[in-house]
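The values are calculated or read from the model by the stated rules, or taken from the named source; none is laboratory data. From a predicted model like this one, the values you see are computed outputs, not experimental measurements. Here Cβ is always computed from backbone atoms with ideal geometry, including for glycine, and neighbour counts include all displayed protein chains.
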C-alpha cells in the first residue's frame with residue numbers, strides 16, 4: 001500500500017524489511033514502529049535495520065543465500081578419489097563448510 005505521496009506506507013515498509021531480512025513477518029518492535037508511523041523516516045529505518053541485522057534470523061538467511069548462490073546447499077557427493085586425495089574426507093568437508101561460515105561471518109558482520 002502506498003500513501004498519498006506515493007511512498008510505501010509504514011506497514012508495507014515493515015513487511016518488506018521483515019521478509020527481506022528474516023523471511024518472516026515483522027516482530028513486535030517493528031509493528032510498533034509501523035503503528036506509530038515512524039517507518040517513513042530514514043533514521044528509524046536505519047535503526048530498525050541495525051537491530052534486525054544482529055538477529056540470528058538475518059544471519060541464517062544470509063548464510064542460506066550464499067550456500068544457494070554458490071550451489072553449496074546441494075547435498076551432492078563432495079568426495080574425491082581417495083588415492084589422489086587421501087586426506088579429503090567427511091571431516092575435511094565439514095571443516096571447509098565451517099571455514100566458509102566463519103568467512104561469511106567475518107565479511108558481513110565484522111565491525112571493521
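Got a sec? Which of 46, 12, 58 is closer than 19 Å to residue 108 by Cβ and surrounded by 12 or more Cβ atoms within 10 Å (Cβ to Cβ)?
Values: 46 fails: surrounded by 12 or more Cβ atoms within 10 Å (Cβ to Cβ); 12 fails: closer than 19 Å to residue 108 by Cβ.
From the options 46, 12, 58, the qualifying one is 58.
Please work out if residue 28 is surrounded by fewer than 11 Cβ atoms within 10 Å (Cβ to Cβ) and modelled with pLDDT of 90 or more. Taking the combined requirement at face value, the residue satisfies it. Counting only helices (runs of 4 or more DSSP H) that sit wholly inside region 1-72, those with at least 2 residues that are free of Cβ contacts under 8 Å to residues at least 60 places away in the same chain and either under 14 Å from the mean Cα position of the chain (by Cα) or at positive phi (or both) are 10-22, 42-53, 56-69. Could we say that residue 100 is surrounded by 14 or more Cβ atoms within 10 Å (Cβ to Cβ) and in a loop (DSSP other than H, G, I, E, B) here? Answer is no for this residue. Answer yes or no as to whether residue 108 is under 22 Å from residue 24 (Cα atoms), assigned to a helix (DSSP H, G or I) and either within 24 Å of the chain's Cα centre (by Cα) or modelled with pLDDT under 90 (or both). Yes: the conditions hold for residue 108.
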